[in-house]
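Some notes on the structure that comes next.
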Amino acid sequence: MKKKLTLIKEVFFITICLSFTMVTNGQTEENKWNIGLHAGFSQLNGGVGNDFYKGDISMNDLNYLGSISLSRYLTSHLDVSLTGSKGRVGYNGPNGTFNSGITSLLADFRFNLFGPKSFVRPYVFIGGGAILFDKNLAISSKTVDVIAPDGGVGLNICLSPYVILNIQEAYLYSNNNKRDGIIASSNDAYLFHTIGLTFNSGKKKDADNDGVSDSKDNCSNTPVGVAVDKLGCPFDKDKDGISDYMDACPYDSGSAATKGCPDKDGDGIADKDDRCPNYFGTTAFKGCPDTDNDGIADINDRCPFVAGSFEMKGCPDKDYDAVADIDDLCPNTKKGYKVDAGGCPLDNDKDGIVNEEDRCPNQAGTASLKGCPDSDSDGVSDLDDRCPTVKGNIANKGCPEISREYIKKITQIGSKVFFENNSDKLKVASLVQLDELSSILKKYETANLIIEGYTDSNGDDVRNMELSQKRTESVKTYLMGKGIMESRLTATGFGQEKPIADNKTSIGRAKNRRVELRTSY
């Protein structure tokens with residue numbers, strides 16, 4: 001027995017020393033409840049004698065007991081506990097022998113010397129309770145003694161966050177002085193030596209649900225789903241102070257302004273997003289500079305030091321011909337002129353006259369005719385020449401003049417055109433004349449014919465005007481029937497206007513009833 005007590009003392013001393021070097025989780029704010037199972041033996045100091053710490057007690061004299069404990073965390077250094085034990089107490093002493101079965105219930109405050117994270121936690125406790133003894137009428141009919149106080153020391157060794165090895169010695173002072181039937185100088189007292197396992201339980205507080213309890217969590221507001229380290233803080237692989245879940249570049253150190261990404265040129269645009277990471281630029285140009293302030297980043301600007309336009313890739317275009325001055329072989333082209341790839345005005349027919357100034361841009365011509373050809377060399381361009389293959393004159397729009405003979409003939413034909421009396425119907429004799437007229441007009445295809453009709457003064461003016469118009473229309477219609485285009489014929493009635501003879505005589509009136517024909521171009 002003596003050896004056992006010595007061993008207990010050595011273990012107690014060693015574990016105290018270990019408590020200064022090892023840290024784990026004991027009963028904590030999260031694991032507030034602890035339940036334990038204990039076994040040990042009791043010793044008595046009473047009227048029959050004192051066996052406290054006696055080394056000469058045999059194994060047969062030991063009084064075994066078992067205990068169940070329940071404790072509650074109050075603070076990091078204070079617990080409250082309730083312990084129920086069942087076993088025996090007794091002693092074979094010089095004054096007699098005493099032995100009885102007991103059931104005890106003790107309530108204690110436990111003061112832990114170290115905090116919950118210590119691997120070994122020595123403690124002291126104090127409290128009170130009661131012991132229920134087997135009924136023994138030979139000694140006393142009273143079966144319950146009050147324990148006031150009880151106290152002692154103990155040691156908790158944390159095997160895991162939830163399993164603890166407990167070693168404890170409790171001193172119980174009774175209010176009874178003759179439980180063993182003999183009155184001593186002091187009340188009966190007992191020692192309970194126990195060892196056992198206790199188990200932490202309780203709901204762990206983890207406000208941010210990151211798997212690290214609030215008591216250990218240095219970052220208690222971590223968003224749900226974010227991986228954290230053992231201290232509950234989000235990982236920061238590049239150690240730039242920006243957690244990986246917020247770090248756009250978790251493996252490269254950066255700043256908060258660029259969401260954790262590096263920014264070599266210091267323009268506030270992360271290198272990964274910076275088209276020009278080595279040159280200070282602006283957000284508008286994705287980190288590139290615009291030296292000439294023309295709205296085109298230098299990286300895309302063919303003329304980075306001279307303001308230009310987007311269409312010209314940053315180069316100027318003085319003549320607005322859509323060819324940058326740097327490429328323009330004709331930089332002074334008039335505005336609006338179409339140009340070729342070299343910036344020079346187009347000249348489709350290669351006659352030296354640019355298209356915009358060439359009336360015939362697809363046919364080579366002369367400058368005097370504004371770029372148009374003149375096939376018959378009559379000074380009238382083919383574009384304006386109504387007779388482009390026959391030499392004519394400008395007055396006749398490039399056509400030759402009708403000979404005097406035909407002009408005279410046309411005039412004579414006009415004097416031989418007659419109508420039925422008071423009618424616009426042509427007389428048969430007039431048709432032969434009009435057939436000859438149509439032949440002349442076909443020979444001179446560019447000549448136009450003006451048909452003018454007149455009456456004498458007999459009759460109503462309005463009626464005479466209508467009749468003269470209808471007669472000219474009759475001539476026009478007949479000629480059209482012979483293949484003369486309507487556009488070449490102009491028919492106008494003048495009534496009794498413009499008489500050429502005296503309407504007072506029958507001869508004069510006959511002369512005034514006439515059709516006049518003349519050509520024009």
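The values are calculated or read from the model by the stated rules, or taken from the named source; none is laboratory data. Worth saying up front: this structure is predicted, and the values here are computed from it rather than measured. Note that each Cβ is placed from the backbone with ideal geometry, even for glycine, and that neighbours are counted across all protein chains shown.
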*Name the strands (runs of 3 or more DSSP E) wholly inside the stretch 139-244 in which the number of residues that are polar (S, T, N, Q) and touching a Pro at 6+ places or on another chain (Cβ under 9 Å) is 1 or more.*
144-158, 189-201
*Just to be sure, is residue 368 on the phi < 0 side of the Ramachandran plot and of a type outside the set (A, V, I, L, M)?*
yes
*Quick one: residue 23 ticks every box in (1) at pLDDT below 55; (2) within 30 Å of residue 187 (Cα to Cα) bar one, so which box is it?*
(2)
*Go through the residues of the stretch 137-147 one by one and say whether even a single one is surrounded by 19 or more Cβ atoms within 10 Å (Cβ to Cβ) and within 60 Å of the chain's Cα centre (by Cα).*
no
*Return the only residue of 513, 488 being among the charged types (D, E, K, R), modelled with pLDDT under 90 and out of contact with any helix residue (DSSP H, G or I) (no Cβ under 6 Å at 6 or more places or on another chain).*
513
*Taking the stretch 397-426 as the search range and keeping residues that are small (Gly, Ala, Ser) and touching a residue at least 60 places away in the same chain (Cβ under 8 Å), which one is surrounded by the most Cβ atoms within 10 Å (Cβ to Cβ)?*
414
*Scope the stretch 376-396; condition loosely packed, with under 14 Cβ neighbours inside 10 Å and of a type in the set (A, V, I, L, M, F, W, C); matching residues*: 394, 395
*Could you tell me which numbered condition residue 446 fails, if it satisfies all but one of (1) polar (S, T, N, Q); (2) in contact (Cβ under 8 Å) with a residue 24 or more places away in the chain; (3) farther than 22 Å from residue 397 by Cβ; (4) not in a helix (DSSP H, G or I)?*
(3)
*Among the residues of the stretch 365-375 satisfying the criterion of being more than 60 Å from the chain's Cα centre (by Cα) and surrounded by 17 or more Cβ atoms within 10 Å (Cβ to Cβ), which is nearest to residue 521 (Cα to Cα)?*
374
*Enumerate the pairs (first residue in the stretch 362-382 and assigned to a loop (DSSP other than H, G, I, E, B); second residue anywhere and crowded, with 17+ Cβ neighbours inside 10 Å and among the β-branched types (Val, Ile, Thr)) with beta-carbon separation below 6 Å, excluding pairs fewer than 6 apart on the same chain, so at least 6 apart or on different chains.*
371/353
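Return yes when residue 353 is buried (at least 19 other Cβ atoms within 10 Å of the Cβ) and modelled with pLDDT of 90 or more and no when it is not.
When the stated conditions are applied, residue 353 passes them.
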*Criterion: over 60 Å from the mean Cα position of the chain (by Cα), surrounded by fewer than 21 Cβ atoms within 10 Å (Cβ to Cβ), under 24 Å from residue 404 (Cα atoms) and among the β-branched types (Val, Ile, Thr) - qualifying residue of 477, 446*: 446
*asked:* Condition (residue is modelled with pLDDT of 90 or more and out of contact with any Leu (no Cβ under 6 Å at 6 or more places or on another chain)) applied to the stretch 373-382: is it met by at least one residue?
replied: yes
*Among the numbered criteria (1) modelled with pLDDT of 90 or more; (2) farther than 24 Å from residue 386 by Cβ; (3) out of contact with any Asp or Glu (no Cβ under 8 Å at 6 or more places or on another chain); (4) surrounded by 13 or more Cβ atoms within 10 Å (Cβ to Cβ), which single criterion is violated by residue 432?*
(4)
*Filter the stretch 405-443 for residues that are out of contact with any helix residue (DSSP H, G or I) (no Cβ under 6 Å at 6 or more places or on another chain), of a type in the set (Asp, Glu) and not in a helix (DSSP H, G or I) and give the result.*
420
*Does residue 171 fit the bill of being among the hydroxyl-bearing types (Ser, Thr, Tyr) and without any contact (Cβ under 8 Å) to a residue 60 or more places away in the chain?*
yes
*Within the stretch 465-521, restricting attention to residues that are outside any loop (DSSP other than H, G, I, E, B) and among the β-branched types (Val, Ile, Thr), which residue is farthest from residue 425 (Cα to Cα)?*
519
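With respect to residue 253, is the statement that it is at pLDDT 85 or above, outside the structural domain of residue 117 (by TED's automatic domain parsing) and within 30 Å of residue 31 (Cβ to Cβ) true?
It is false that residue 253 is at pLDDT 85 or above, outside the structural domain of residue 117 (by TED's automatic domain parsing) and within 30 Å of residue 31 (Cβ to Cβ).
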*If we scan the stretch 499-509, do we find a residue that is within 30 Å of residue 388 (Cβ to Cβ) and either surrounded by fewer than 21 Cβ atoms within 10 Å (Cβ to Cβ) or without any contact (Cβ under 8 Å) to a residue 24 or more places away in the chain (or both)?*
no
*Could you please find all residues in the stretch 308-323 being touching a Pro at 6+ places or on another chain (Cβ under 7 Å) and at negative phi?*
308, 318, 319
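Give the residue, chosen from 165, 197, 191, 159, that is hydrophobic (A, V, I, L, M, F, W, C) and crowded, with 19+ Cβ neighbours inside 10 Å.
191 is the lone residue from the list that is hydrophobic (A, V, I, L, M, F, W, C) and crowded, with 19+ Cβ neighbours inside 10 Å.
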